[in-house]
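Since every read-out is calculated from the coordinates, none of them should be taken as a lab result. The model shown is predicted, which means the values in this text are computed figures rather than measured ones. Because the Cβ atoms are built from the backbone with ideal geometry, glycine has one as well, and the counts that use them run over all protein chains shown.
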Amino acid sequence: MYTDLDRPALRERVLQRALAPDGWRVEVLAEATSTNALVAARADEPAGLVIVAEHQSSGRGRLDRSWVSPPRAGLTFSVLLAMPDDSGWLPLLTGLAVATAVTEICQLTAELKWPNDVLVDGRKICGVLASSPSPAVAVVGIGLNVTTRADELPDERAGSLTLAGSSTTDRDTLLRAVLRCLRTVLDDPAAAKEQYRKRCTSVGRQVRIELPDGAVVTGVAERVDDGGRLVVDGIAYTAGDVVHLR
Ligand code: BT5
């Protein structure tokens, strides 16, 4: 039985003080519909707004899918950013930031499945949802499973830091680490793209890619091109769900 002691609340004041020097303005809400929607509704504010929800009642995935997480079991938050020049890379580099933070502080090896899923032991521990409420503004939402139990996850392809044996499950520490890594990738996107290409384990593999229109393609993922697209047997894909076949 998980109690409040196992899943302590985030410490908003401490986070605000720690993250302000890096340009982040953090707000922690007990409950929200979807943090992506809340941040998008405040798109006229300066970049750097971060809204974290201890619980989301209608967390969103890509293509209108849902993101489910019990209260305080994970991190669910969204960040307001100026749209970078190479916007196609933004969700990929956000995934890189999470994978880097998890590898650094959890003593786990996190892999990146194109475009932006973070996997540990082959299971998805993090998803990223990017949107653009106006051409100059981007919202990136991150869902990271921390203490989530197997029976709280949607299926056996999902995992959490606790299930993977993470050395820490302190969500304050994790949030700070992810935002620090996000700042690093945003400050030097060229280096981050190189890092992403090194860490993305979809490349060089036989993959199945399920496209947004329902079509399914199987082939070898050759590389991630300059637009952040996955090239499978010579054809570049902008979006899709990748399954690693072997
Ligand atoms: C994603 O979509 O993975 C993007 C998830 C983004 C969630 C964050 S939370 C903060 C912010 N506010 C929001 O409303 N959203 C963002 P996609 O690749 O489409 O994956 C969605 C699929 O992952 C679902 O259809 C489920 O199968 C699965 N899923 C749902 N909840 C999950 C979880 N907690 N862990 C792992 N997989 C999950």
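Any chance you could list the semi-axes, whole Å, largest first, of the equivalent ellipsoid that the Cα gyration tensor gives for the range 106-208, using √(5λ)?
Its equivalent ellipsoid spans semi-axes of 23, 18, 15 Å.
What's log10 of I(q)/I(0) for the chain at q = 0.09 Å⁻¹, Debye sum over Cα points only, no solvent?
Once normalised to I(0) and log-transformed, intensities are -0.35.
Report, please, the projected area of the range 1-95 averaged over directions, based on the convex hull of its C-alpha atoms, in nm².
That works out to 7.4 nm², a quarter of the Cα hull's surface.
Hey, what number do you get for the chain at 222 nm if only DSSP H runs of n ≥ 4 count, each worth -39500 (n - 2.57), divided across all residues, to the nearest 500?
-7500 deg cm²/dmol
Would you mind ranking 156, 111 by Cβ crowding within 10 Å, fewest neighbours first? It would help to have the intermediate numbers written out before the result.
Numbers: 156 8, 111 17.
The fewest-first ordering by Cβ neighbours comes to 156, 111.
Restricting to DSSP loop positions (anything but H, G, I, E, B) with no more than 11 other Cβ atoms inside 10 Å of their own Cβ, which trypsin sites (Lys or Arg not before Pro) remain in the range 188-235?
Qualifying residues, ordered by number: none.
Need one number: % antiparallel among DSSP beta bridges in the range 26-125, to the nearest 5.
Details: 11 of 16 bridges.
Counting DSSP beta bridges with both partners in the range 26-125, the antiparallel share is about 70 percent.
Could you give the radius of gyration (one decimal) and Dmax (whole number) of the Cα atoms in the range 88-165, in Å?
Answer for the range 88-165, Rg first and Dmax second: 13.0, 41 Å.
Name the lysines eligible as straight-distance cross-link partners of residue 124: C-alpha to C-alpha under 18 Å, and not fewer than 8 places from it in the same chain.
Candidates past the 8-residue exclusion: 113.
Distance from the Cα centre of the range 143-207 to that of the range 51-116, in angstrom?
Computed from Cα coordinates, the inter-centre distance equals 8 Å.
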